[in-house]
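Single-structure report; data block below.
FYI, it's all coordinate maths here, none of it is from the lab. Since we're looking at a predicted model, the values are computed, not measured. FYI the Cβ positions are ideal-geometry reconstructions off the backbone, even for glycines, and counts take in every protein chain you see.
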Amino acid sequence: MNHFIEKKVEPFCVQAYHNGEFKEITEKNLLGKWSIFFFYPADFTFVCPTELGDLADHYEEFQKLGCEIYSVSTDSHFVHKAWADASDTIKKIRYPMLSDCAWNLSKQFGVLLPEEGQALRGTFIADPQGVIQAYEIHNLGIGRNAAELLRKLQAAQFVAEHGDEVCPAKWQPGAETLKPSLDLVGML
């Protein structure tokens, strides 16, 4: 089994569709801000637009936290544009839609299904140095929740800033955290 926590994102270079333009995205784009890689199986499908639309609805909140979202599928950047042109849900996306048609990112992040030529639903949170702090991988039929992803980002940022404190289950910004110590062992 692959382990991704504390792994630095390896060098990559892919094409993206972003705000009506084709752009090149590399690992250098990650530096200095938090990043989320949001892998999904394919454009023009069923669960995928519900997830990407949910992210689009929360995108401003992610941006306020200094985080860029990168949605990633094995479709080309041309297909991403065609999907945005055809779908009102996808048209509202303001984050980069990365093309991984060479499967480099899907392999690097361990989500590639080579028989299908698609990626599992993988979500990876990387810190401003490009180091993965959290990840989750779902099977194809299980959609994700942008509000919960936002909460996980907030917790990762809190822990990065307050290394002596940790966030308990269901933690929300402003809620009480824990300071691990011998006194807490067996007391929670």
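Some observations on this one:
- Per-region count, the stretch 46-74, residues assigned to a loop (DSSP other than H, G, I, E, B) and small (Gly, Ala, Ser): 1
- Which numbered condition Asn145 misses (of (1) surrounded by fewer than 19 Cβ atoms within 10 Å (Cβ to Cβ); (2) of a type outside the set (Ser, Thr, Tyr); (3) closer than 22 Å to Lys23 by Cβ): (3)
- Where a residue in the stretch 159-170 is surrounded by fewer than 12 Cβ atoms within 10 Å (Cβ to Cβ) and its partner, wherever it lies, is part of a loop (DSSP other than H, G, I, E, B), with Cβ under 7 Å and at least six apart: Asp164/Lys179
- Lys23, sole failed condition from (1) in a loop (DSSP other than H, G, I, E, B); (2) more than 18 Å from Leu149 (Cα to Cα): (1)
- Residue pairs meeting the criteria (Cβ under 7 Å; at least 6 apart or on separate chains; first more than 17 Å from Ile137 (Cα to Cα), in the stretch 40-67; second among the polar types (S, T, N, Q) and part of a helix (DSSP H, G or I)): Pro49/Thr89; Gly53/Thr89; Leu65/Gln154; Leu65/Gln157
- Taking the stretch 45-73 as the range and being touching a strand residue (DSSP E or B) at 6+ places or on another chain (Cβ under 7 Å) and of a type in the set (Asp, Glu) as the test, only Glu68 passes.
- Given (1) closer than 20 Å to Gly32 by Cα; (2) crowded, with 19+ Cβ neighbours inside 10 Å, index of the condition Arg121 fails: (1)
- Lys7 being loosely packed, with under 14 Cβ neighbours inside 10 Å and either among the basic types (Lys, Arg) or in contact with a helix residue (DSSP H, G or I) (Cβ under 9 Å, 6 or more places away or on another chain) (or both): no
- Flag for Asp127 being of a type in the set (D, E, K, R) and closer than 13 Å to Ile36 by Cα: yes
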